[in-house]
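The values are calculated or read from the model by the stated rules, or taken from the named source; none is laboratory data. This structure is a prediction, so every number in the text was calculated from the model and none was measured. No Cβ is skipped: glycine too gets one built from the backbone with ideal geometry, and neighbour counts run over all protein chains shown.
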Amino acid sequence: MIIKMHKTKIILFWTKLFKRKADENYINNYFFTSSGRCGTNQCRVTNNRDELCTSDAIIFHARGPIYMNDMPTKRLPHQRYVLLIKEPPYKTTAIVGHLNYFFNWTATYRTDSDINYQYFYWRRKAKPTNETSQKSYLKNRQARAASMISNCYSQSNREGYLQRLNSVIPVTHVGYCSGTKCHKSREICLSQLAETHPFYLSFENSLCRDYATEKYANVIINNQMIPIVFSQTPNLYIPNSYIDANQFSSPEDLGQFLRQLTLNTTMYDSYFKWKDEYDLIIPGPDDYLCDLCKKLNNPNEPYKVYDSMKKWLYNDAKCQRWVSKLNKTIDIPVDESMDYEEPWF
C-alpha cells in the first residue's frame, strides 16, 4: 500500500473527552495557524471518524471512555496511537491496562510521557528580583490550615491524615465533602481562605509518581498561603515554596512544626522568596497539541510502541496510600487500581 504523505498532519480524536467532543473549530483556529498558539498550520484536529485512513495521530482519552468493541477497523503503518490522560491510574478505563502493543505515544502528567501534559511547570527568572524582601506574609495569622476537597474518599487516604492533623491545629474544610460552602469561584474562595489561614493542604486524591495538580499551583500563584503537599516527586515543585508532609514522622509532628512556623515571621516569609527567582507556568488544557504536532512533523522521530501498558501506567506509577495505624504510606496493589471503574461509565 502506498501512503500519501500529507503536508498538514491530521489528528483524530477517536474518543470523546469526558463525554464531550473536542472543539475542533476552536483548536484549529486558535492553535493551528501560523499566528496561533502553536505557531504552525501544519496540523489540524478532527472528530470525524471518516478521516481515519488519512489521519496521522489517533487520540484515545482514557476516560473517554474506551471500549473494545469501538476500536478503529484499520490501522496504517504511519499512524501513531496516543493515550491521553491527566488523571491518576485508578481513574482510567480499566481496559487501558490490557492494551499492549497498541499505543505509540503517551500524553499524561508523567514526566516520562512522550508528550508533556503536566498541570504546571516552573523555570528560573532571566533576572532575579528582590520584591519579597519588602513584604511580610504572615500578617498575625494563627496556626490553621485550609483544604478544598470534592473527592470524599480518596485513594491516598488524605482524609485520614487530615483528621489527625486537625487534632493539633484547626483544619478548615470547604467544598463538596465538608458541607461548608465557599465562593463558587475557586480564585475568590482561595483568596477568602488566605485572609485567616497561613497554610493550605494541597493533598492529592492519589499519591502517585509525578501526580501534582492545580491544588498546589493555584495556591502559590496568587495567594499568601504556604501549600502543604504529600509528594512522591518533590522536584516537581518550586524549591522552598512548599512543606512536604512526607518529611514528618506523623500528622501530629507536622502540626507542631506549623505551630512553630507561625511564631517565626522570618522563617514563614522565607517560603515566599521563590517569587524572586522562579516563574510558575500553568499550561492551557490543549497546549499538549503543540508538542504532538511537532512530533508528527519531525521526520527523525523514532518508532515506538508500548509493549505493556499495565507496567507503564500502573506498576511504574508507584501509587501509595497513607495508613494511619502504621503512620506511613504503603504501596497500593496494581490489581486494585486496575479493578476500579468510574460509576458514570
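For the reader, a short list of remarks on this structure follows.
- Checking Ser147 against (1) in a loop (DSSP other than H, G, I, E, B); (2) in contact with a strand residue (DSSP E or B) (Cβ under 8 Å, 6 or more places away or on another chain); (3) over 30 Å from Asp291 (Cβ atoms), the condition it does not meet: (1)
- Residue within region 96-108 that is farther than 28 Å from Ile228 by Cα and more than 27 Å from the chain's Cα centre (by Cα) present: no
- When residues of region 70-94 are limited to those that are assigned to a loop (DSSP other than H, G, I, E, B) and among the basic types (Lys, Arg), the one surrounded by the most Cβ atoms within 10 Å (Cβ to Cβ): Lys86
- Residue that is over 19 Å from the mean Cα position of the chain (by Cα), of a type in the set (S, T, N, Q) and under 16 Å from Tyr121 (Cα atoms), where the choices are Asn223, Asn240, Asn218: Asn240
- Restricting attention to region 22-69 and to residues that are within 30 Å of Leu99 (Cα to Cα) and of a type in the set (Lys, Arg), the residue that is surrounded by the fewest Cβ atoms within 10 Å (Cβ to Cβ) turns out to be Arg49.
- Taken over region 75-118, residues that are closer than 27 Å to Lys215 by Cα, at pLDDT 95 or above and among the basic types (Lys, Arg) amount to 1.
- A search for C-beta distances below 6 Å between a residue of region 162-177 that is buried (at least 16 other Cβ atoms within 10 Å of the Cβ) and any residue that is assigned to a loop (DSSP other than H, G, I, E, B), counting only pairs 6+ apart in sequence or on different chains, returns Ile169/Ala143; Ile169/Arg144; Val174/Thr180; Val174/Cys182; Gly175/Ile149; Gly175/Ser150; Cys177/Ile149; Cys177/Cys152.
- Of all residues in region 178-210 being surrounded by 15 or more Cβ atoms within 10 Å (Cβ to Cβ) and charged (D, E, K, R), the one that is nearest to Cys319 (Cα to Cα): Arg209
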